[in-house]
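Only one structure is covered here, and it is reproduced in the block below.
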Amino acid sequence: MTHNKVTIIGSGPAAHTAAIYLARAEMQPVLYEGMMANGIAPGGQLTTTTEIENFPGFPDGLMGSELMERMKKQSQRFGTEVITETISKVDFSSKPFKLWTEFNEDAEPITTDAVVIATGASAKRLHLPGEETYWQQGISACAVCDGAVPIFRNKPLAVIGGGDSACEEALFLTKYGSKVIMLVRKDHMRASTIMRKRVAANKKLEILYNTVSVDAKGDGKFLNALGIKNVKTGETKDLQVNGLFYAIGHTPATKVFEEQLETDENGYIKTQPGTSFTSVPGVFAAGDVQDKKYRQAITSAGTGCMAALDAEHYLSSLEI
């Protein structure tokens with residue numbers, strides 16, 4: 001039976017930051033980065049982005065995959081053991097905690113004294129025809145991450161969604177796009193009154209109600225139009241835009257933990273305010289798996305640091 005002092009589940013900025021801190025504290029962390037866990041390669045959502053310009057310390061920017069490779073090397077440099085397997089089953093009901101990897105659920109469990117969960121969350125997508133071709137070539141799920149890149153500047157942009165997040169993304173994009181068009185499936189937005197007022201007051205924003213996108217079009221390299229449809233009249237037409245931003249929510253990668261830890265109505269792991277403590281002592285959560293508001297690489301890294309410090313203190317209190 002394999003026993004770890006502390007196990008980290010995840011592969012993004014939160015996971016590797018936790019690993020760096022725990023390894024330097026000589027806690028001998030073992031990190032399970034997953035094999036296409038949650039449908040994403042090791043490294044998390046950043047591996048699906050292109051250039052990152054807002055992570056401190058890189059004035060010229062760098063690719064998301066490069067940033068994650070650097071973080072991984074740094075965590076390994078201090079002694080983190082990285083295993084490319086997916087944790088698919090857990091038991092936090094007794095100590096030591098028990099973990100099983102995918103395809104080995106009936107085998108002897110891995111045991112561990114503490115766990116840091118940093119499995120992240122993935123943006124919901126519509127998987128339109130043409131979407132894969134233009135993903136990160138005009139289609140994104142993060143306006144704050146990608147809105148300022150050159151291909152969107154002074155160009156017409158579209159946002160899909162009708163909630164507060166969609167309004168926030170659309171308002172943010174007006175700083176860069178020549179015009180921002182919100183596509184709302186219903187005849188009204190579900191956003192709060194104050195957000196609807198802000199959208200209505202912005203002259204660079206237009207709302208198309210009862211409208212859905214049916215496909216993504218372009219020149220083979222970059223997006224330049226969306227096929228849209230009025231759900232009431234059935235009318236279809238092309239909307240000339242150079243950017244499409246999804247703002248229809250995220251899905252936290254918490255299915256494996258849902259019977260073990262307290263989560264909110266959207267599935268995000270609940271943590272005690274100002275800490276990484278979950279509902280089970282010795283289990284800590286960091287990054288987007290517990291953050292539905294900020295969802296940035298830098299905030300994920302910060303909570304990864306918090307989880308490491310909390311886990312180190314917990315393990316020290318056990319005199320392990």
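The values are calculated or read from the model by the stated rules, or taken from the named source; none is laboratory data. Quantities reported herein were computed from a predicted structural model and do not represent experimental measurements. Every residue, glycine as well, gets a Cβ built from its backbone with ideal geometry; the counts of neighbours run over all protein chains shown. Side chains are part of the model used for accessible areas, which takes the heavy atoms of the whole protein and leaves out ligands, DNA and RNA. Shrake-Rupley method; radii C 1.70, N 1.55, O 1.52, S 1.80 Å.
What the table shows:
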read-out: Of all residues making up the range 180-204, the number that are touching an Asp or Glu at 6+ places or on another chain (Cβ under 6 Å) and assigned to a strand (DSSP E or B); value: 1
read-out: Whichever residue in the range 215-232 is under 19 Å from residue 188 (Cα atoms) and outside any strand (DSSP E or B) and, among such residues, is most open to solvent (accessible area, probe 1.4 Å); value: 232
read-out: The range 234-272, residues that are open to solvent by 90 Å² or more (accessible area, probe 1.4 Å) and in contact (Cβ under 8 Å) with a residue 40 or more places away in the chain; value: 240
read-out: Helices (runs of 4 or more DSSP H) enclosed by the range 129-179 - at least 1 residues per element that are open to solvent by less than 10 Å² (accessible area, probe 1.4 Å) and among the aliphatic types (A, V, I, L, M); value: 143-146, 164-173
read-out: Residue list for the range 62-94, restricted to those being acidic (Asp, Glu) and farther than 14 Å from residue 14 by Cα; value: 66, 81, 85, 91
read-out: Every residue from the range 249-280 that is under 27 Å from residue 140 (Cα atoms) and of a type in the set (Asp, Glu); value: 264, 265
read-out: Residue in the range 206-214 that is part of a loop (DSSP other than H, G, I, E, B) and in contact (Cβ under 8 Å) with a residue 12 or more places away in the chain present; value: yes
read-out: The range 7-21 - residue that is of a type in the set (A, V, I, L, M, F, W, C) and not in a helix (DSSP H, G or I) and, of those, surrounded by the fewest Cβ atoms within 10 Å (Cβ to Cβ); value: 9
read-out: Residues of the range 233-289 satisfying the condition of being out of contact with any Asp or Glu (no Cβ under 8 Å at 6 or more places or on another chain), in a loop (DSSP other than H, G, I, E, B) and among the charged types (D, E, K, R); value: 235, 258, 259, 262, 264, 265
read-out: Selected residue (criterion: farthest from the chain's Cα centre (by Cα)) from residues of the range 87-123 that are under 18 Å from residue 261 (Cβ atoms) and free of Cβ contacts under 8 Å to residues at least 60 places away in the same chain; value: 94
read-out: Flag for residue 291 being under 19 Å from residue 165 (Cα atoms), acidic (Asp, Glu) and touching a helix residue (DSSP H, G or I) at 6+ places or on another chain (Cβ under 7 Å); value: yes
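For every residue, the table says whether it meets (1) aromatic (Phe, Trp, Tyr); (2) in contact with a Pro (Cβ under 8 Å, 6 or more places away or on another chain).
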position	(1), (2)
134	yes, no
145	no, no
163	no, no
177	no, yes
183	no, no
189	no, no
203	no, no
